[in-house]
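The values are calculated or read from the model by the stated rules, or taken from the named source; none is laboratory data. Small disclaimer: the values here were computed from a predicted structure and weren't measured. When we count neighbours, we look across all protein chains shown, and the Cβ atoms used for this are built from the backbone with ideal geometry, even at glycine.
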């Protein structure tokens with residue numbers, strides 16, 4: 001599998017269809033990065049797809065990588081192994097990310113090793129990504145060096161395709177901005193570690209970056225970039241534009257979902273900020289039966305806007 005510059009979160013069926021159509025129309029290689037909440041063995045918020053159903057729908061047209069796979073990453077607390085068993089049979093790459101539950105290095109390392117071994121025994125062809133983003137567990141380049149060195153002792157090391165690199169940034173869905181302080185030197189140090197161990201570098205949280213921010217990353221040697229909620233919010237903006245002032249039903253569905261709560265301050269008053277609340281979590285409820293009853297028929301418009309965004313991204317590489 002050749003390297004892919006952009007991995008896009010499959011935030012909705014429209015996003016999935018637009019990415020597939022764009023790759024077929026342009027020849028650009030783009031991958032999907034479904035989280036466990038989006039697509040899971042027992043269904044997720046994206047079109048209610050199970051892992052197997054999503055894999056069959058994509059049908060090999062676009063590579064699929066599980067994003068943040070494993071323990072503590074689903075809707076309920078579990079060890080992640082049932083999810084991994086389905087991933088191993090249906091997906092191309094699996095991101096092994098135990099660091100939310102096991103932030104201590106030795107614990108995270110052992111969980112990474114155990115997870116990869118179990119998946120590798122099911123499917124020795126599947127590829128892996130290791131490490132995590134800064135919002136989950138801060139890594140230094142030395143930490144990543146140590147991780148790759150420790151993992152190199154195992155037969156599965158050649159199946160590790162990507163290592164996560166950090167540059168000091170994160171996301172704020174409430175404000176729809178890329179946060180933090182970008183550190184180019186730190187990013188370059190991470191990239192050098194990846195090259196020493198023969199792994200491709202992948203940065204998460206590539207949303208809301210302007211063209212020059214993306215270009216400077218790839219010019220520095222970054223191999224791949226993940227982008228997810230930005231595409232869901234592009235779709236949400238389309239619905240808001242179509243609905244105009246008639247958003248009460250959309251707002252109520254979003255409010256009831258409670259998906260907005262983690263992204264707002266304590267003084268946020270939903271009734272006074274209905275449109276902002278929708279912008280934060282509108283993409284989470286697109287498969288809700290209540291939303292389907294009020295959903296404007298603008299799929300072509302949405303897909304066109306998403307393709308234009310993909311075209312802008314691909315011009316930067």
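Brief remarks follow.
- Qualifying positions in segment 293-317 - part of a helix (DSSP H, G or I), touching a residue at least 40 places away in the same chain (Cβ under 8 Å) and either over 25 Å from the mean Cα position of the chain (by Cα) or over 30 Å from residue 24 (Cβ atoms) (or both): 294
Residues checked against (1) in a helix (DSSP H, G or I); (2) over 19 Å from residue 238 (Cβ atoms):
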{"site": "251", "(1), (2)": "yes, no"}
{"site": "255", "(1), (2)": "yes, yes"}
{"site": "259", "(1), (2)": "no, no"}
{"site": "267", "(1), (2)": "no, yes"}
{"site": "278", "(1), (2)": "yes, no"}
{"site": "284", "(1), (2)": "yes, no"}
{"site": "291", "(1), (2)": "yes, no"}
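- With respect to being closer than 23 Å to residue 18 by Cα, within 17 Å of the chain's Cα centre (by Cα) and not in a loop (DSSP other than H, G, I, E, B), residue 226 fits the description.
- Test for residue 80: is it at pLDDT below 95, surrounded by 16 or more Cβ atoms within 10 Å (Cβ to Cβ) and under 28 Å from residue 262 (Cβ atoms): no
- Some residue of segment 251-273 being closer than 16 Å to residue 173 by Cα, in contact with a helix residue (DSSP H, G or I) (Cβ under 7 Å, 6 or more places away or on another chain) and surrounded by fewer than 16 Cβ atoms within 10 Å (Cβ to Cβ): yes
- Restricting segment 193-223 to residues that are in a helix (DSSP H, G or I) and in contact with a helix residue (DSSP H, G or I) (Cβ under 9 Å, 6 or more places away or on another chain), the residue that is modelled with the lowest pLDDT: 211
- Looking across segment 139-192, the residues that are part of a strand (DSSP E or B), modelled with pLDDT under 95 and under 17 Å from the mean Cα position of the chain (by Cα) come down to 169, 170, 171, 172, 177, 178, 179.
- Total residues in segment 22-60 satisfying the condition of being surrounded by fewer than 16 Cβ atoms within 10 Å (Cβ to Cβ), touching a helix residue (DSSP H, G or I) at 6+ places or on another chain (Cβ under 7 Å) and more than 25 Å from residue 309 (Cβ to Cβ): the figure is 1.
- Test: residue 63 is in contact (Cβ under 8 Å) with a residue 24 or more places away in the chain, touching a strand residue (DSSP E or B) at 6+ places or on another chain (Cβ under 7 Å), surrounded by fewer than 23 Cβ atoms within 10 Å (Cβ to Cβ) and at negative phi: yes
- For segment 200-218, the criterion of being more than 18 Å from the chain's Cα centre (by Cα), loosely packed, with under 15 Cβ neighbours inside 10 Å and over 30 Å from residue 275 (Cα atoms) is satisfied by at least one residue.
- Residue count for segment 89-111, restricted to those that are within 19 Å of the chain's Cα centre (by Cα) and crowded, with 22+ Cβ neighbours inside 10 Å: 8
- Flag if residue 134 is crowded, with 19+ Cβ neighbours inside 10 Å and under 17 Å from residue 166 (Cβ atoms): no
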